[in-house]
Amino acid sequence: MIAFTIEMALVATALLLIPGTLIAWLLARRAWRGKALVETFVMLPLVMPPVATGLILLRLFGRRGVIGSRLGFDVVFTWRAVVLAMTVMAFPLFVRTARVAFEHVSRRYEDIARTLGAGEIRVFFTITLPLASRGIIAGAVIAFARALGEFGATILIAGNIEGQTSTIATSIYTLVQLGEDRAAMSLLLVSVVIAFGAIFASELLLRKA
Amino acid sequence: MRLVFDDVTLALPEFALRASFDVETNALGIFGPSGAGKTTLLEIIAGLRAPDRGRIFVDDVEISSLKTRERRIGYVPQDDTLFPHMSVKKNVLYGGTGGAPILHWMDDLMHRGVTKLSGGERRRVALARAMTTNPRLLLLDELLGGLDDAKKRELIALIPRPIIFVSHERDEIAALCEHVVSIDRGQCSAPASLPQSSFSLSSRPQLKR
């Protein structure tokens with residue numbers, strides 16, 4: 001179950017990497033209509049009760065949901081729901097960190113690259129992205145740590161099915177309810193170690209950036 | 001090189017920048033105190049800032065209607081803006097290999113990281129980088145500022161033509177330029193020709209056009 005949680009968190013992080021980087025760049029570097037709206041929308045999961053976010057996801061991805069009914073495979077109460085909950089909840093943290101990373105890249109470098117004949121795509125991949133890469137990696141690490149600990153949305157759309165959708169967080173909850181404090185404590189230790197390592201790593205990355 | 005500023009105007013917070021002149025020269029100096037609008041003028045020529053109105057021609061090409069990356073104007077800004085994540089070689093060749101023959105004076109620097117260069121070395125690298133794109137002309141912003149006399153002479157010998165050379169030091173302009181435009185609070189004077197000094201060698205390398 002520990003390995004399963006880490007695996008799901010890795011998948012979630014991988015899924016949010018490209019769209020998250022794109023949105024972070026659009027927020028940092030471009031002016032467009034509806035920007036403030038998208039900005040707010042992306043940040044919503046950060047401040048809403050996770051259970052409420054879970055409920056929205058349940059409505060959207062349930063068998064009769066707007067998205068769920070068109071997918072052709074089940075999401076709710078499967079491992080996919082675990083990944084979905086983790087991705088949505090970790091997304092704002094990643095976008096925030098990546099956006100700041102992009103904002104810290106001096107526009108002068110991009111300008112000079114343009115005078116040297118580089119088009120916008122080349123500027124992005126050779127100047128902006130490499131100079132922001134530390135911050136983006138740090139964002140990915142934070143997102144991964146957040147995904148690992150996801151509980152509220154997960155319990156609603158994935159449940160807590162042993163051997164299928166149980167994660168570290170949902171298992172701790174069950175163990176405490178059953179009064180198995182000892183087992184709960186050892187899982188707690190595992191999550192503290194992982195979270196500590198991830199945050200520590202991202203802080204180091206951000207400091208050098 | 002024939003350089004024409006056709007009624008170029010840009011409103012700035014403190015004053016309005018105005019340039020309107022027509023000059024045939026291989027080395028134009030822009031002379032004025034700091035904050036007079038010298039750098040802004042270069043940024044307009046390079047295509048990094050759009051003027052409110054007016055057109056700029058270099059040898060009958062209206063460069064002001066071209067995109068930044070299509071202008072082929074080599075720009076060496078005052079803060080040199082070397083790409084910090086690239087080696088010297090990658091910096092120099094970013095815009096192409098058009099000036100490959102000039103690289104012999106870079107041999108000793110080529111494989112070093114840009115963060116380990118001295119001030120004079122950084123200027124050399126920035127100059128080489130701006131030359132490798134086959135530019136129509138080079139814009140040099142305070143290229144010699146803060147260097148000792150030996151370093152200045154070294155660098156002066158490497159500067160090709162045609163150039164627009166910005167400085168607040170009269171001596172530097174006299175050493176390098178054929179004509180000079182004075183600028184104060186955004187107002188550009190008519191170009192005046194300068195007596196040829198011992199520095200302006202007729203055997204200087206010419207930029208291909």
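Just so you know, all these numbers are worked out from the coordinates, no wet-lab data involved. All figures in this text were calculated on a predicted structure; none of them were measured in a lab. Cβ: placed from backbone, ideal geometry, glycine included. Neighbour counts: every protein chain shown.
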Quick one: what are the phi-derived ³J(HN,Hα) couplings along segment B:133-141, Karplus 6.51/-1.76/1.60 with θ = phi - 60°, whole Hz, x for glycine and proline?
8, 6, x, 5, 7, 10, 9, 10, 9
Name the residue farthest towards the positive end of the dipole of segment B:2-193 from the options B:82, B:66, B:167, assuming +1 on Cβ of Lys and Arg, -1 on Cβ of Asp and Glu, about the Cα centre.
B:82
Over 21 Å (Cα to Cα) - which of B:89/B:116; B:38/B:89; B:116/B:151 fall in this group
B:38/B:89
Just tell me how shielded A:118-131 is by partners: mean number of partner chain Cβ atoms within 10 Å of each residue's Cβ, no decimals.
2
For segment B:2-193: relative contact order, % (alpha-carbon pairs under 8 angstrom, 6 or more apart):
32 percent
Once whole DSSP H runs in chain A are found, which of them have Cα atoms spread over 20 Å or more along the helix axis and a mean Kyte-Doolittle score of at least -1.0?
A:2-29, A:79-103, A:129-148, A:181-208
If you take the charge dipole of the protein assembly as shown about its Cα centre, with +1 on Lys and Arg Cβ and -1 on Asp and Glu Cβ, which of A:141, A:105, A:76 is farthest toward its positive end?
A:76
Cut-off under 5 Å, modelled amide H: who pairs with residue B:163 long-range
B:27, B:28, B:138
Antiparallel DSSP beta bridges within the protein assembly as shown, as percent of all bridges there, nearest 5:
50 percent
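Rounded to the nearest 500, what is the 222 nm mean residue ellipticity of chain B from helices alone, with -39500 (n - 2.57) per DSSP H run of 4+ residues and division by all residues?
Taking each H run of at least 4 residues, the total per residue is -5500 deg cm²/dmol.
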